[in-house]
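Taking it in order: structure first as structure tokens, then the write-up.
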Amino acid sequence: MSAKKIVLLWATVFGLLFALTAPPSSAQNFPTYHQLGPAKATLWRPTSGTPHIAIVMMHRTASFLNLPACSEMSNRGFVVLCVNTRFDNNESQVIFEQTALDVKAGVNFLRQNQSGLTPGITKVILWGYSGGGPAMSFYQAVAEAGVAFCQDPQKLTKCDTSGSTSLVGLPPADGIVFVDAHPGVGTIGMLRSNNPSVKNENNPDRIDKKLDPFDPKNGYNPNGLSTYSNKFKQAYFDGQSDRLNSLIDEAQEIQQQIAAGDYPYTDDAPFIIAKSTSAKLFVLDTSILHSTVQPRALLKNDGTIDATHIVESVRLPDPTVAQTDETFDGGGRLLTVKSFLSTNAIRSTNSIDGIDYCSSNDSTPCNVQQISVPVLFNAMGAYYFIRDNEIHYELVKSLDKEFIVIAGLVHGITPCNACPGGPYNNSQKNFYDHVRDWLNKPGRF
């Protein structure tokens, strides 16, 4: 027997063994892999029926090919396409505007039944989870408002309107499910995360002790909840804004030098930022961004919904970010000038409530103002995006909109049973069931 035949024989044997020994859900709902140009995807289908609603799940860099939500939603009767963009696991190269091309590929794949595996699909829903929130909202905003939206002069970077990366004529989706969507990488990943005590970008160990978030004299507690004065918080949030604005000015100056031929490189340049990702003050002091500002719906662990109270986050503080801030891998960013300005930059006067949301295309609060299709905003009750998602809900153009907080879940959509009010052993199932029921509401889709 030839080596090739032996390999094929063993592949068949192992395939049969897997089919016989795998749990029923795994054997019956195995995804298929598909290449979507520079992007790639897995297609998850329900075990029975011919659904008419399909969901596209995607993040700008994270691998979503085996995201738990893929199987959770397909098990609830939906076709799900889980996409990795052309920038998966490559933050340093992200040109944010181009992520819309990979969403487009997913929408067309489902609507046009390109695989022969999605017959009967009449509605395509976008799933904006975490960093997928700004990506999906940006896609839909351009699809509804046109490229004039992403070409606005106030944008730090603009979308392309010609060539292979043109965003002209994006087909709009029929609705969006936002899942603990953050306001944008520039806002949460850089503006609110940078350590404003850094005095010299080339020597980040030189700090202004008055702005050091990890100094006990300023309110830091290495063993639990930190408590900062209002004066310190105001100076800190202003300082975060000042530092990011300075970095933006520096990056734009480099771009001008490149354009003038006065820089060592002709296309782009490295852009390294130390102490830029782990100094979120609200991770240390949970009194910051701690709740909704209006009574909002809370999906409780017992499955009931209470919409009569201000909803408070039950998240726990994490003082260990002090150690992370000192590292390159966890506390710094290795970017280029282009990826910084496109994805990690936003103008502001204050990192909490003085943000120029529409200075960036990577901005959920700006993007949702162009969106008119039905939207569902879900915020995790043991995390820090509750107020941000309430803002998204307040700003969205759509008339068919809902905002709900899921009790006791962290950002990974898993329960924080150690958090106050726990255990939250039913909250994960409650979340997926609520999304199912929202999508299946008669007359919506």
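The values are calculated or read from the model by the stated rules, or taken from the named source; none is laboratory data. In this text the structure is predicted, and so the values were computed from the model without any measurement. Here the Cβ is made from the backbone with ideal geometry for all residues, glycine too, and neighbour counts use every protein chain on show. What goes into the accessible areas is simple: the full protein's heavy atoms, side chains included, and nothing from ligands, DNA or RNA. Shrake-Rupley method; radii C 1.70, N 1.55, O 1.52, S 1.80 Å.
What the table shows:
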| read-out | value |
| --- | --- |
| Ranked by how many other beta carbons lie within 10 Å on average, peptides 333-342, 67-76 from highest | 333-342, 67-76 |
| Distance (nanometres) between label positions extended 7 Å along Cα→Cβ at D262 and D215 | 3.7 |
| √(5λ) per eigenvalue of the Cα gyration tensor, segment 149-251, largest first, Å | 37, 19, 11 |
| 1.4 Å probe accessible area per residue over the chain, in Å² | 42 |
| Candidate lysines - alpha carbon under 21 Å from K199, same-chain residues fewer than 8 apart omitted | K209, K210, K217, K231, K233, K275, K280 |
| Antiparallel bridge percentage (DSSP; both residues within segment 45-159; nearest 5) | 0 |
| Point-charge dipole on Cβ atoms (K/R +1, D/E -1) for the chain, about Cα centre, debye to 20 | 1160 |
| For segment 354-409, size of Cβ-based charge dipole, Lys and Arg +1, Asp and Glu -1, in debye | 60 |
| Inter-centroid distance (Cα atoms) of segment 47-104 relative to segment 108-125, Å | 14 |
| At R0 = 45 Å, FRET efficiency that the Cβ-Cβ distance of N230 and K429 yields, to 0.05 | 0.65 |
| Value of relative contact order over segment 375-442, rounded to a whole percent, pairs C-alpha under 8 Å and six or more apart | 29 |
| Cα centroid separation - segment 347-364 against segment 385-432, whole Å | 23 |
| Kirkwood Rh (inverse of mean 1/r, distinct Cα pairs), segment 301-362, angstrom | 15.9 |
| Residue (of Q154, P317, G116) at the positive-pole extreme of the chain, dipole from beta-carbon charges | G116 |
| 20 °C / 1.002 mPa s Stokes-Einstein diffusion coefficient of segment 242-388, Kirkwood radius on C-alpha pairs, µm²/s | 118 |
| Contour minus Cα-Cα distance for T349 and D208 (0.36 nm per residue) | 48.8 nm |
| Percentage of interatomic Cα-Cα distances in segment 143-207 larger than 17 Å | 67 |
| Added length on full extension, which subtracts the Cα-Cα distance from 0.36 nm per residue, R436 to Y33 | 142.6 nm |
| Estimated [θ] at 222 nm from DSSP helical runs (n ≥ 4, -39500 (n - 2.57)) normalised by residues in the chain, nearest 500 | -8500 deg cm²/dmol |
| Percent carbon-and-sulfur accessible area, the chain, ignoring ligands, DNA and RNA, probe 1.4 Å | 53 |
| Relative packing of 420-430, 162-172, 357-367, which averages over residues the other C-beta atoms within 10 Å, highest first | 357-367, 420-430, 162-172 |
| Net charge dipole size for segment 201-243 [Lys, Arg +1 and Asp, Glu -1 on Cβ; Debye, nearest 20] | 200 |
| Globularity index of the chain, i.e. its alpha-carbon radius of gyration over 2.2 N^0.38 Å | 1.02 |
| Net charge of neighbours whose Cβ lies under 10 Å from the Cβ of K158, counting Lys and Arg as +1 and Asp and Glu as -1 | -2 |
| Viscosity 1.567 mPa s, 4 °C: Kirkwood-radius Stokes-Einstein D of segment 307-425 over Cα pairs, µm²/s | 77 |
| Extension gain from T47 to H309, taking 0.36 nm per residue of separation minus the Cα-Cα distance | 90.3 nm |
| FRET E, pair A148, S287, Förster distance 60 Å, beta-carbon r, rounded to 0.05 | 0.90 |
| Under the Debye formula (equal points on every Cα, no solvent term), log10 I(q)/I(0) of segment 237-324 at q = 0.12, 0.13, 0.21, 0.26 Å⁻¹ | -0.65, -0.70, -1.03, -1.22 |
| Net charge contributed by nearby residues that have their C-beta within less than 11 Å of A379 (K/R +1, D/E -1) | -1 |
| Volume per residue of the C-alpha convex hull in segment 37-182, rounded to whole Å³ | 104 |
| Furthest towards positive pole of dipole, F78, A135, F64, structure part segment 30-139, Cβ charges | F78 |
| Straight-distance crosslink candidates among lysines, where the alpha carbon sits under 25 Å from K401 and sequence neighbours closer than 8 are dropped | K104, K123, K300, K429, K441 |
| Cut-off 17 Å (backbone N to label point 7 Å along Cα→Cβ of R444), residues of segment 128-167 | 128-129 |
| Dipole of segment 351-427 [Lys/Arg +1, Asp/Glu -1 at C-beta], most positive-end residue of S359, I371, V405 | V405 |
| Summed side-chain charge close to V107 - residues other than V107 whose Cβ falls under 12 Å, Lys, Arg +1, Asp, Glu -1 | +1 |
| Sorted peptide list for 79-87, 277-285, criterion being average Cβ within 10 angstrom, highest first | 79-87, 277-285 |
